[in-house]
Amino acid sequence: MTDQEHIRIFDSQGEDYKQAFQIFLNHTDQKRNAKRWLQQVVDDLPVRQVFVDAGAGNGELTRAFTAAFDRTIAIEPNTFLLNQLQQTVPTAEAIGLPILSAQPSAPGDLVLSSHTFYYIPTDEWLAHLERLASWMSPTGVTIIVLQNRESGCMNMFHHFFSHRFELRRMVDQFRVKHGNQYEVMTTLDPAHVDTPDLPSTYAVAEFMLNLLGIEQAPRRKDVEAYIQSHFALPGGGYRIPVHQDFLQIRAKGHVFGSGKLPA
């Protein structure tokens, strides 16, 4: 097996991963759209004292909303990312523990976990969701962000690894156990990766396929063929749908905001 024959297997702290991630960021509206969507939710909150970001990563998204709250508590168990987080958001109270071990010092008016559940075993998703909801203030909201299971990105992931991230199943389980306490709503937010050529599209595909640890790397030619078949545009260039699901949980009796993007 050589790097030329198969996709690369990235070290999440290595330079190749960082470069591929940057190519993704340079060509997608996903994070921009997510920030706009979340800003609408934040603006609708009746109280904005505490923001809890669970799985804060390098703190980029954390920083976007810190100024809207009196306090920010950021949870990130990865030591490398935790160090970046503390540099990006030095005012945040940083907790270097997993979600099930962390104990935030105050209830959150916004409890956010963005693109974190991929790295949690699926049989532990419900326990993690319950833990996050338990940190929420009486008038607050808990939000989980995850790729939509039918997005182009997730369809490609399923094609090569026969795996999907099933948010709906966890939501159903949560409703069965806690539907008398909480209102639950899932909203789809469209987003895309638009790239001008095959090399940049392939780099993004490699990044996406490295979402979980890879035991058997797909062949490069198979990934390129999939890209051409599913993401090539008639007029040139490529488009990968990376739509996101936003799961909102609130205590019964509190009305959801519009959930719409601001004009």
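Coordinate-derived values only; no laboratory data. Given the structure is predicted, the values throughout are model-derived calculations rather than measurements. With ideal geometry, Cβ positions are generated from the backbone for all residues, glycine too; neighbour counts draw on all protein chains shown.
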Fill in the blank from the handout: Of the candidates P234, P199, the one satisfying the condition of being within 24 Å of L25 (Cα to Cα), free of Cβ contacts under 8 Å to residues at least 12 places away in the same chain, in a loop (DSSP other than H, G, I, E, B) and not charged (D, E, K, R) is P234
Problem - Whichever residue in region 133-167 is more than 21 Å from E206 (Cβ to Cβ), touching a residue at least 40 places away in the same chain (Cβ under 8 Å) and hydroxyl-bearing (S, T, Y) and, among such residues, is surrounded by the most Cβ atoms within 10 Å (Cβ to Cβ) - result: T142
Exercise for the section: Can you tell me which residue within region 1-55, out of those that are crowded, with 16+ Cβ neighbours inside 10 Å and among the hydroxyl-bearing types (S, T, Y), is farthest from E93 (Cα to Cα)? Expected result: T28
Problem - Subset of region 105-132 that is touching a helix residue (DSSP H, G or I) at 6+ places or on another chain (Cβ under 9 Å) and without any contact (Cβ under 8 Å) to a residue 40 or more places away in the chain - its residue that is farthest from N78 (Cα to Cα) - result: H128
Handout entry: Scan of region 143-160 for residues that are outside any loop (DSSP other than H, G, I, E, B) and either over 15 Å from G55 (Cα atoms) or more than 14 Å from the chain's Cα centre (by Cα) (or both), ordered by number
Key = Q147, G152, C153, M154, N155, M156, F157, H158, H159, F160
Exercise for the section: Report yes if some residue within region 173-180 is outside any helix (DSSP H, G or I), of a type in the set (V, I, T) and under 26 Å from D123 (Cβ atoms); otherwise report no. Expected result: no
Practice task
Tell me, please, whether a residue that is in contact with a strand residue (DSSP E or B) (Cβ under 7 Å, 6 or more places away or on another chain), of a type outside the set (V, I, T) and either within 16 Å of V223 (Cα to Cα) or free of Cβ contacts under 8 Å to residues at least 40 places away in the same chain (or both) can be found in region 168-191.
Solution key: yes
Handout entry: Condition met for N33 (under 14 Å from the mean Cα position of the chain (by Cα) and outside any helix (DSSP H, G or I))
Key = no
Exercise for the section: Considering each of Q103, Q87 in turn, give the residue that is surrounded by fewer than 16 Cβ atoms within 10 Å (Cβ to Cβ), out of contact with any Ser or Thr (no Cβ under 9 Å at 6 or more places or on another chain) and in a helix (DSSP H, G or I). Expected result: Q87
Completion exercise
Within region 83-119, residues being out of contact with any Pro (no Cβ under 9 Å at 6 or more places or on another chain) and among the hydrophobic types (A, V, I, L, M, F, W, C) number 9
